[in-house]
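Notes to accompany the following structure.
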Amino acid sequence: MRGNAAMAWCSVEGGKGGWHWRLEHFAMALSLIFLEIVFKLATGSPFFPAIIPIILLSSAIGLAAEFLVSLLPPLAASIVRRLSLLSFGAIFGIEYFVFRAFKVFYDVKTVLGGAGGVANQFAGEALSLILTPSGIILVILFLLPFALSWRIPIERGAYGREKSWPALALAGSSLALCLAALPTMGPFGETFFARYNFQTSVPNFGLATSIIKDIHAAGAGSAAERGFDIGQETDVPAIVLQAGRGIASPLFRSIGNYVDADSFEPNMMSIDFAALSDDFEYTDAYVRSLAPTARNAMTGIFTGYNLIFISAEAFSAEAIRADTTPTLYRLASKGIQFTDYYQFATAGTTGGECANIFGCLATEGGDSVKGKAYDNNYFTMGNVLNRLGYNGWAFHNNTHTYYDRDITHENLGYNNGFMGYGNGMEQWVAWQWPESDLEMMQGTFDDLYGNAEPFNVYYMSVSGHGGYSWDGNMMSSKNREVVEAARLDYSEPVQAYLAANVELDRGVGYLVEQLEARGMADRTVIVISADHFPYGLDSDGSLSCLSELYGYDVENSIERDHNRLIIWSGSLEGADPIVVDDPVSAIDILPTLLNLFGAEWDSRLLPGRDVFSEAQPVIFNLSYDWVSDLGVYFADSGTFIPNEGATIPDGYVEATTRSVENKVNFCAVLLEYDYYGHLFGAAGDVQAVHDAGKERYVPPQDSDAGG
């Protein structure tokens, strides 16, 4: 055997001179297996059965890479192998520390399209994670294969003249074995095929495999071309609805019985699908197969009202306290209460904004909102109310270019566009970390929209952002006395988190105070939804601080993403609250608001539901887990856990699962392609849309402007 005989494992004779296995021929396959195991242990995902496909797929990728390397001259092959091992370590390390910071895996689109901004903004946070004992150990482990590669002598002999066909054959065998086994593994196997999603693929099949699948998916063509299951068998079995199901309120029952759908017109627009192009043949067929939901007793109760929508940074139900956040507590106790609400973590802050603004789960990762920058965003509240003559603004109190909001948020329909720090917000907000929600809300209300009814305002807040400590978070230190006065028995990170949210409470409190002083509260709606759970409380990956805040051990993403939605108006203060106790998620906010504001919309064209309609309450995440009023389904295991006392109709779980798969696919179509442009025409020039809104806006008379 040529070279160092001590490095030889075996030899395979074949062709002139034969081809010999050496340790370096296995380097990339063994390194990938090692890195995947380290990554899996570090991110805390279950080991079995995922380790089996991870080993097989990593072997296939590593051996296939070895074949490609063998096509190079010997010296170049050795150099490329070492550079590849260095790249492997860097990719795994970056993905791990992103996961530690944001609790999501960043897919290829996010890394290429938006992660640079995240890295620049939170470089200090990433460095603080690395410069810990566990961080340093993991950096060493991720770079270990590259370091060990220097123990393998650079091959200068005949290797490379005979190509490594055995490596390619072994790679194919490993891949074929895995692909043959996966269909026999039930729901777990389906996550590799029909239910593929980057977030679920990484822990189940490995980071390397997921990156390759993600690149393939990006070039595989329209999500619409994947089709929808619209056969009769996909209909969710009918369930007898009890009057007032999911709604508890004397006020609501006095308005009417919303489940009596026959009494109301359907929420359906007149769309001539036959006259449309066939670019979205499958999606059009899916939409046409859906039964529209009906208008109901809550339709139009906020017609003509002002709207203030707040995507609250790292908000949670537990941030609402009578002692530390009295205004948030008041708004959550009055108006419309949502007791079983979820904001599913998909792509950090931009994923939450995607759900809140567009009514879609962020199937395109961090690129989801960015992909809508030039589309016809027909059903955003900005565009809907702009068409009705509202005066609109979108605001953020951090850098205005972050996540490309200076581009994306200009195309949401707000006729006065988007303002962040760097294009106007700095006149009211001091530069610190994080910035003050109170300063943003005071300045914008007083100087811009307080006398501009009817107004439609969107805020993306930042005061609640991690990390949570008395020294490193300006909002936490600013409001420390409020939390300490409450004498809460929490650790410092949890207390600092609650203190940071005091700033949001003060900002909302200022708005409510001014609205009431000017006589506008009874015709204004305030909506508050989180962008994601407070992942800054999970800095060590154990969820211990999050469990401390929640008051129970957080064991899965359903429990982790449980949150609270607030929809309040002064007009509802005098009556008992309307309590919605069905499961609701962030993608249900948009259709619910469209119904409450009496807007023209089509219930078939949004994947969420108007919560006051007769539609079955089913919410879902990108892992294809779902929650309904009858139970919880975990897709990886195919396990359905019925609620106590629930009667489950035959075929309910299977039909609901297929319905969820359709809805996830529909989210992908809406975000990746301009489907509303297909239906309603291409988006107009942003400035033209804004100018048209300004022409429709009629300033209030002085007597109506308030004090």
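The values are calculated or read from the model by the stated rules, or taken from the named source; none is laboratory data. Everything numeric in this text was worked out from a predicted model, so none of it was measured. Neighbour counts run over all protein chains shown; Cβ positions are idealised from the backbone, glycine included.
Summary of computed values
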read-out	value
Residue check, G608 surrounded by fewer than 23 Cβ atoms within 10 Å (Cβ to Cβ), closer than 30 Å to P187 by Cβ, within 24 Å of the chain's Cα centre (by Cα) and modelled with pLDDT of 95 or more	no
In region 648-693, residue nearest to G608 (Cα to Cα) [restricted to those that are charged (D, E, K, R) and surrounded by 14 or more Cβ atoms within 10 Å (Cβ to Cβ)]	K663
Any hit, region 493-501, residues being assigned to a loop (DSSP other than H, G, I, E, B) and under 19 Å from P326 (Cβ atoms)	no
Answer from R480, R487, R523 - the residue that is over 18 Å from D323 (Cβ atoms) and either assigned by TED's automatic domain parsing to the domain that holds R387 or within 30 Å of the chain's Cα centre (by Cα) (or both)	R523
Residue in region 118-171 that is modelled with the highest pLDDT, counting only those that are under 30 Å from P434 (Cα atoms) and outside any helix (DSSP H, G or I)	T132
Hits in region 416-445 - residues which are in a helix (DSSP H, G or I) and in contact (Cβ under 8 Å) with a residue 24 or more places away in the chain	M425, D437, L438, E439, M440, M441, Q442, T444, F445
Residue within region 376-388 that is under 30 Å from G551 (Cα atoms) and of a type in the set (G, A, S) present	no
Condition met for D625 (crowded, with 16+ Cβ neighbours inside 10 Å, of a type in the set (D, E) and either touching a residue at least 24 places away in the same chain (Cβ under 8 Å) or within 19 Å of A586 (Cα to Cα) (or both))	yes
Every pair of residues 6+ apart whose Cβ atoms lie under 6 Å, when the first sits in region 36-56 and is among the hydroxyl-bearing types (S, T, Y) while the second is surrounded by 17 or more Cβ atoms within 10 Å (Cβ to Cβ)	T43/F99; S45/P203
Enumeration of residues in region 278-308 that are aromatic (F, W, Y) and more than 23 Å from T592 (Cβ to Cβ)	F280, Y282
Residue count, region 412-448 (criterion: among the polar types (S, T, N, Q), surrounded by fewer than 18 Cβ atoms within 10 Å (Cβ to Cβ) and out of contact with any His (no Cβ under 8 Å at 6 or more places or on another chain))	2
Filter result for the condition that a residue is assigned by TED's automatic domain parsing to the domain that holds T339 and within 26 Å of L593 (Cα to Cα), over G638, G651, G645, G608	G608
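Conditions (1) under 30 Å from I215 (Cβ atoms); (2) surrounded by 20 or more Cβ atoms within 10 Å (Cβ to Cβ), marked per residue:
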| position | (1), (2) |
| --- | --- |
| I320 | no, yes |
| Y341 | no, yes |
| F358 | yes, yes |
| L361 | yes, yes |
| A373 | yes, no |
| W393 | no, yes |
| N398 | no, yes |
| Y402 | yes, yes |
